[in-house]
Amino acid sequence: MVIFNSVTKIFPNGDEVLTQIDFHISQGEMVVITGKSGAGKTTIGRLLIGDLGPSKGDILVDGESIVGAKPKDLISLRRKIGTVFQDYKIIPDKTTYENIALNLEVAGYAKEDIAEKIQKILEIVGIPSKTDLFPSQLSGGELQRASLARAIATEPHILFADEPTGNLDSVTSKEIFKLLKEINKAGTTVIIATHNQDLLDPNGLHHITLDKGKIVKDSHPPKSKSKKSKKK
Ligand SMILES: Nc1ncnc2c1ncn2[C@@H]1O[C@H](COP(=O)(O)OP(=O)(O)OP(=O)(O)O)[C@@H](O)[C@H]1O
Ligand SMILES: [Mg+2]
């Protein structure tokens, strides 16, 4: 469902920040990408949504290559992926409601369905009373939840959450992690990038470890017998 095939990223200044990245993420997986600051986690997210192009290699989402995709195809590929980036990219002069509504409108949702949908999503992420507040009026944890709400409102197949617990206390971080697990249980493939491994326990999850732009470990959780699916 998400395949990075020998992806190398060299920025125009000549810095090679990712070197021959290979990984495979299956539908419904929960994946944690860890690595020190500067290891290349955010760059992987930007490549995944086609915000950056790889210098070498290929990236496939649901069997379709992002590299060289036509703008029209890139738009439909991006619709499959919800993102929460480190800087949130939430619009400061719009309320929680308006920020989510904008995403839904762009994705083609009917105006009459939007209000109900937003209320439901805000309940899922635990901030139903913050509908009409602006980003600057939200706490760090609430802002993180609002960003998550916006990302999942359009029901993406894949959620890329970049540093979703950055700057949060450990209790709130655990709650956000629990929320991400619930989103994953509901069927979304969840990819979490973090430099703070202590707050997320990657045990039992697909865990990719990056170091200076290279994958140094890619461990899958042991398959439980009940979940074992038939080979194709
Ligand atoms: N546009 C750019 N031009 C040159 N170098 C860049 C550019 N964008 C990112 N980099 C470099 O790429 C490297 C990886 O950056 P990236 O943001 O992916 O790291 P990260 O693992 O997400 O770090 P953090 O944990 O601090 O968020 C860094 O050394 C950064 O300076
Ligand atoms: Mg980053």
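The values are calculated or read from the model by the stated rules, or taken from the named source; none is laboratory data. If you're wondering where the values come from, they're calculated on a predicted model, not measured in any experiment. Don't worry about glycine lacking a Cβ; one is built from the backbone with ideal geometry, like all the others, and counts go over all protein chains shown. These accessible areas exclude ligands, DNA and RNA; they are computed on the full protein's heavy atoms, side chains included. Shrake-Rupley method; radii C 1.70, N 1.55, O 1.52, S 1.80 Å.
A few remarks follow.
- When segment 126-144 is filtered for residues that are part of a loop (DSSP other than H, G, I, E, B) and open to solvent by less than 40 Å² (accessible area, probe 1.4 Å), the ones remaining, listed by number, are 127, 131, 138.
- The residues of segment 36-46 that are β-branched (Val, Ile, Thr) and open to solvent by 40 Å² or more (accessible area, probe 1.4 Å) amount to a single one, 42.
- Residue 172 surrounded by 18 or more Cβ atoms within 10 Å (Cβ to Cβ), more than 16 Å from ligand 1 (Cβ to nearest atom) and under 27 Å from residue 24 (Cβ atoms): no
Okay, residues lined up against (1) under 22 Å from residue 217 (Cβ atoms); (2) among the polar types (S, T, N, Q); (3) within 16 Å of ligand 2 (Cβ to nearest atom):
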site	(1), (2), (3)
16	yes, no, no
35	yes, no, yes
40	yes, no, yes
91	no, no, no
105	no, no, no
110	no, no, no
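- Some residue of segment 47-59 being assigned to a helix (DSSP H, G or I) and either at pLDDT below 95 or surrounded by 14 or more Cβ atoms within 10 Å (Cβ to Cβ) (or both): yes
- Summed over segment 153-169, residues that are touching a strand residue (DSSP E or B) at 6+ places or on another chain (Cβ under 9 Å) and open to solvent by 30 Å² or more (accessible area, probe 1.4 Å) total 3.
- Residue among 102, 138, 159 that is free of Cβ contacts under 8 Å to residues at least 40 places away in the same chain, away from ligand 1 (no atom under 16 Å from the Cβ) and of a type outside the set (Gly, Ala, Ser): 102
- Scanning segment 12-40 for residues that are at positive phi and either in contact with a His (Cβ under 7 Å, 6 or more places away or on another chain) or near ligand 1 (Cβ under 7 Å from one of its atoms) (or both) yields a count of 3.
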